[in-house]
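Structure first, commentary second.
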Amino acid sequence: MPTALITGATAGIGAAFARRLAADGFSLVLVARDEKRLTTAASELHRRYGVAAEVLAADLATGEGITTVEERLREGVDLLVNNAGFGHSGADLDVPVTDELTMLRVHCEAVLRLTMAALPAIRARGRGGVINVASVGAFFPQGTYSASKAWVVTFSESLALRIPEPRVRVMALCPGFVRTEFHERAAIDTSGIPGFLWLSADRLVGSAMRDFARGVPVSVPDPRYKVIAAIARYVPRGVVTRVSAGIGR
Ligand SMILES: NC(=O)c1ccc[n+]([C@@H]2O[C@H](COP(=O)([O-])OP(=O)(O)OC[C@H]3O[C@@H](n4cnc5c(N)ncnc54)[C@H](OP(=O)(O)O)[C@@H]3O)[C@@H](O)[C@H]2O)c1
């Protein structure tokens, strides 16, 4: 039975990956900080899908937490989903630098170290891979959040190009707005976001898994966001910057 390790597996997109991969017959390793919530999620997944679900409590904003997860990955998994992440409320210039550094640690350092810990065993087996959850925000200049997600996209895309094994995949997943706990946790006001732009986590993961199976290096699920991402990636940067400034205001 293949094994998948998912970070941020107790809520939102990570929980949707856990449900989907359990339904596909993966044994799971669930990572997040809240151990009680992890245990509840693991029991529920085991009861509903009959799969083994292991709990690994770790704070990926700490070196120690990242090391704990690296050690588990070196034992071997078939699929790693680097999903844990968070947002900040408020204008970029007002966010304390220490909070920005914490974000870079969770969104970049943890993703780098966990990917590199998982890949040797996956490559040795010749199948499986890594899904790194980025954001459509990666294509717009919107503070450290979007800069960290742009790093995730470029890092994943370059690994996907360089890995020689045809059945080993690395993919960046770029969601638009998804209904999860993300915005509430960050105290981000979502009242101005039109209803039609919201995605469901389960449908997002369904599209992501289809793209992963096809070997797509950068997955942007949903036609609305494909158009937005294509505009951001291919129109002149000056236009993207002006649009981002408008959104920022
Ligand atoms: N929702 C959106 O609109 C959206 C859009 C684009 C991209 N994304 C990206 O999607 C990913 C998942 O977000 P989500 O919307 O599903 O958020 P969410 O509902 O808030 O869930 C976040 C998950 O990450 C875990 N987590 C947070 N900080 C952690 C840390 N330091 N160490 C370990 N685990 C941590 C949380 O559990 P604990 O609190 O117990 O640790 C939780 O399981 C993030 O990378 C986010 O940037 C989200």
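When the stretch 138-162 is filtered for residues that are under 17 Å from the mean Cα position of the chain (by Cα), away from the ligand (no atom under 15 Å from the Cβ) and in contact (Cβ under 8 Å) with a residue 60 or more places away in the chain, only Glu157 remains. Considered as a group, the residues in the stretch 174-192 that are within 15 Å of the chain's Cα centre (by Cα) and either of a type in the set (Phe, Trp, Tyr) or within 6 Å of the ligand (Cβ to nearest atom) (or both) include one that is surrounded by the most Cβ atoms within 10 Å (Cβ to Cβ), and that residue is Pro175. Condition check for Ala4 on (1) more than 10 Å from the ligand (Cβ to nearest atom); (2) among the aliphatic types (A, V, I, L, M); (3) in contact with a strand residue (DSSP E or B) (Cβ under 9 Å, 6 or more places away or on another chain); (4) part of a helix (DSSP H, G or I): one failure, at (4). For Ser135, the requirement of being within 14 Å of the ligand (Cβ to nearest atom), modelled with pLDDT of 95 or more and closer than 23 Å to Gly176 by Cα is met.
Screening Ala9, Ala23 for residues that are within 23 Å of Arg127 (Cβ to Cβ) and within 9 Å of the ligand (Cβ to nearest atom) leaves exactly one candidate, Ala9.
Among the residues of the stretch 133-154, those identified as among the aliphatic types (A, V, I, L, M) and touching a Phe, Trp or Tyr at 6+ places or on another chain (Cβ under 9 Å) are Val133, Ala134, Val136, Ala138, Ala150, Val153. Filtered by the rule that a residue be assigned to a loop (DSSP other than H, G, I, E, B) and in contact (Cβ under 8 Å) with a residue 60 or more places away in the chain, the stretch 163-178 gives a lone residue, Pro175. In summary, Met116 fulfils each of the numbered conditions (1) surrounded by 15 or more Cβ atoms within 10 Å (Cβ to Cβ); (2) closer than 20 Å to Val153 by Cβ with the single exception of condition (1).
The values are calculated or read from the model by the stated rules, or taken from the named source; none is laboratory data. Please read these numbers as outputs of a predicted model, since none were measured by experiment. Neighbour counts run over all protein chains shown; Cβ positions are idealised from the backbone, glycine included.
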